[in-house]
C-alpha cells in the first residue's frame, strides 16, 4: 500500500494534468467578439462616435447672358464685421450681400465701408459677380497695360473685366490699378458691362441731379441708362451725384447689389438712396 506522501504526490500530478488538458481545449475555441454590424447598426455605431458634417454650400456659377440668371442663395452663416452695424446707411444691402457670401472683408474682421476702392479691386469684384464670357464671335485679344503685367495680383481679373466691357484703360494706355475708382467710373462700368441703353433724353434724366454739370461728357449716356435701371446709389441725397468723388467700398457694394437686383439674381430690397426715388431724411451714420 503506498505511503501517504505518495498518494498526495499522485493526486497533485493528476490535477496538473487535468488543468493542462483544459487549457489546451479552450485555446482552440474562438474568442467571443462583437457580432458584425448590419448597415443600419453600422450607421448608428459611427454616428455615436463622430457627428456627421455637411459640406459647405457652393454658390452657382453665373450662366451665359442668353440664359436665365439663377437666384443667389442665402448662406446660413452670419458674417460679422467689426465696423458695420444696423445703423449704417447701407446696412440692408450690405447684410444681404454678406449673408450670401458676396461681401469680402479684411483679415482683422473689418469691412472698412468708407474706404475708397481701387480700380484693380473693382475689377476683381465684378469678375467674381458677373463672370460672363464676352459676347464676341472670337476671344478678344489680351489688353496690354504696362502697369498690370502678368505678375500683377489682379492681372487675370483686369483682363476679364476689360474683355467683358466693364472697364477700359486710360487714354495713355494704362489701367491705373491702384487709383481709386470714382463714382461715375463705377456707374459707367456697370452700365457698359450689362450693355444698358437709355431711351430718355439727357436733359430729362440729368435734371434729377443737382450737380449734373460735373458729369463728364463721356459718361452721360451710361449715367442715363444706369439711372433708368435703378443702379445709381447716392448717400445722403440721391439728387447729389458727386460723380468725380472716389467711390467708397459701401457705395460700390450698394450699387453692385442694385445691379444684381436688376438682372434678377437678388430680390428687391426697399432702399431710400437710389437715384430717382423720393429724397429721404438722412438719419444714418456714415
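Is it the case that residue 210 is modelled with pLDDT of 95 or more and touching a helix residue (DSSP H, G or I) at 6+ places or on another chain (Cβ under 7 Å)? Outline the logic, then answer.
Working: modelled with pLDDT of 95 or more: yes; touching a helix residue (DSSP H, G or I) at 6+ places or on another chain (Cβ under 7 Å): no.
No.
Here residue 204 meets the list (1) over 15 Å from residue 185 (Cα atoms); (2) touching a helix residue (DSSP H, G or I) at 6+ places or on another chain (Cβ under 7 Å); (3) in a helix (DSSP H, G or I) almost entirely, failing just condition (2).
What number of residues in region 214-234 are over 18 Å from residue 263 (Cβ atoms) and touching a helix residue (DSSP H, G or I) at 6+ places or on another chain (Cβ under 9 Å)?
So the first thing to find is which residues in region 214-234 are over 18 Å from residue 263 (Cβ atoms), and the list is 214-221, 223-224, 234.
If we keep only those that are touching a helix residue (DSSP H, G or I) at 6+ places or on another chain (Cβ under 9 Å) too, we end up with 214-216, 218-221, 223-224, 234.
Number of matching residues: 10.
The values are calculated or read from the model by the stated rules, or taken from the named source; none is laboratory data. All figures in this text were calculated on a predicted structure; none of them were measured in a lab. Cβ atoms come from the backbone with ideal geometry, glycine included; neighbour counts cover every protein chain shown.
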